[in-house]
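Asks: Please find one structure pasted underneath; my questions will follow.
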Amino acid sequence: MTGAGVVTLKDGTQALIQPLRRSDGPALSAFYQSLGATERHYFYPYPVADDQGDRIATTAGRDDHITLLAWDPEATRVLGYVFVRFSRHHAEPLLGVCVRPGAQQNGIGRALLTRVLEAARGRQLPEVTLGVHKDNHRAMRLYESVGFCVCGETRNVIQGVVQWKMRVSLTPEEAGERAPRRGG
Ligand SMILES: CC(C)(COP(=O)(O)OP(=O)(O)OC[C@H]1O[C@@H](n2cnc3c(N)ncnc32)[C@H](O)[C@@H]1OP(=O)(O)O)[C@@H](O)C(=O)NCCC(=O)NCCS
């Protein structure tokens, strides 16, 4: 299960979702450079390096990462990025997602999340967790609609704030008990 495919977005246009490849570094760097203050605050509160995407692209194909990119129909611009990391260095599989400014609220975030969770299930991961700023209601609404629940708090030491920790179970029994809500 790779999570790859074409999706039709809310405005009728299409996006191509595919796993990160090593050659995607420059396009992923351009994606990071396109992020505004809101995306940086909620998703990546660190300096963005010129070769940011190249560094991330070195993880392509690794068996402890699932990384999907959403591309415009011409496959020239990265519109969105989602990852689940679950190496032995991480206590629990951790998810992050971001959509390019100007491409948000068009269904890309939901498409990326749905597919990365399918892929995580395919890799037999029992659960996926994430940390979200308590005022990021848009992201929380989306996470809840695909089955995540708040399961506690987590300290974000970089920004000095306490965030919600959210979790989704991917085991058939628990997932069945908490079927995702559709339509937010
Ligand atoms: C959060 C984010 C990933 C959502 O992706 P998106 O492509 O904009 O979202 P979608 O268009 O797929 O919308 C999915 C759901 O999000 C919620 N949502 C989207 N825009 C919203 C808004 N303006 N207000 C409230 N909820 C909103 C809705 O529940 C929506 O459900 P719907 O599909 O039934 O309409 C994206 O907005 C983003 O990158 N934000 C900045 C970075 C960030 O916050 N990342 C998450 C860090 S934890």
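Throughout, read-outs are computed from the coordinates displayed, never taken from laboratory work. Because the structure is predicted, anything quoted here is derived from the model rather than measured. As a convention, Cβ positions derive from the backbone with ideal geometry for all residues, glycine included, and neighbour counts pool all protein chains shown.
Asks: Taking R0 as 30 Å, what's the FRET efficiency between residue 44 and residue 171 from their Cβ-Cβ distance, rounded to 0.05?
Replies: Given R0 = 30 Å and the Cβ-Cβ separation, E is 0.50.
Asks: For a label point 7 angstrom out from the Cα of residue 55 toward its Cβ, which stretches of the stretch 133-165 have the backbone nitrogen within less than 18 Å?
Replies: 157-159
Asks: DSSP loop (so not H, G, I, E, B), at most 14 other Cβ within 10 Å: list which GluC sites (Glu not before Pro) in the stretch 54-156 pass both filters.
Replies: Listed in order of number, the matching sites are 74.
Asks: Take every Cα-Cα pair in the chain and report what % of them are more than 28 Å apart.
Replies: When all Cα pairs of the chain are counted, 19 percent exceed 28 Å.
Asks: Still on this structure, please answer the following. With label points built 7 Å along Cα→Cβ from the Cα atoms of residue 4 and residue 30, find their separation and express it in nm.
Replies: Here the modelled spin labels are 2.1 nm apart.
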